[in-house]
Amino acid sequence: MQHGHRDHEHHEHRDHHDRYGRHFGRRSHDDSDTRHPHDDGHGRHRRGRGRQSGRLFDHGELRLVVLALISERPRHGYEIIKEIEDRVAGTYSPSPGVIYPTLTMLEELGHATVAEADGKKLYTITPDGTAYIEANKTALDQALARMQSVNTAHGGGPAPEILRARINLKMALRLRAARGPLTEQQVRDIAAALDAAAVAIERS
């Protein structure tokens, strides 16, 4: 009798796992994983309050935003990252780990084409991509309105020139770090340059 009870409990546990474990045990790698700036997930948040869901973009919206940006003019991945950051007043910056797979997906879906330009991959929207935007205009408009709301809430954020300079600085540090370890003298030189820039900004 006791053995039968254990079998029943085991069956219920397995059934519970089948119904719930499969759903929550795996993560989907789509752009709905792009978190709002409060979460240090695929993007980086600097300030501001997010939506109740904790994400800046709902499922599929980041893909639409990226497509809309390349519909304005051909762009490369870094430019798209910078443009999104500019449009939300610097409060959020999607990581390359989200943007580049999204661009690859758009290319595979036939929504964008890619060409080499000055050593960079330049993405251009296709007629199918334009049709996709038109078919999902409501979702795109909601995402763009949300971005504008964030921008307005933060007074428009820093000037675009400052945002670009900040991004360039971060990129320069990353590229230098990727080249290998720094010597003690190089560390001192970089720290001195950053300190000097900070002093100049404070005195401006």
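Derivation of every value follows stated rules applied to the coordinates shown; laboratory data play no part. Fair warning: this is a prediction, and the values are worked out from it, not measured in the lab. We place every Cβ from the backbone using ideal geometry, glycine too, and count neighbours over all the protein chains shown.
Structure above, values below:
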| read-out | value |
| --- | --- |
| For segment 160-204: rounded, prolate or oblate by the Cα gyration tensor [a/c cutoff 1.5] | oblate |
| Cα-based Rg of segment 88-204 normalised by 2.2 N^0.38 Å, two decimals | 1.44 |
| Gain upon complete extension [Ala115, Ala131; 0.36 nm per residue less C-alpha separation] | 3.7 nm |
| Candidate lysines for bridging to Lys170, where Cα separation is under 18 Å - those fewer than 8 sequence places away on the same chain excluded | Lys82 |
| Whole-Hz ³J(HN,Hα) from phi, Karplus 6.51 cos²θ - 1.76 cosθ + 1.60, for segment 106-115, glycine and proline x | 4, 5, 5, 7, x, 8, 8, 10, 10, 9 |
| Peptides ranked, highest mean first, by Cβ atoms within 10 Å: ranges 183-189, 120-126 | 120-126, 183-189 |
| Packing rank of 192-203, 78-89, where each peptide gets the mean count of other beta carbons within 10 Å, highest leading | 78-89, 192-203 |
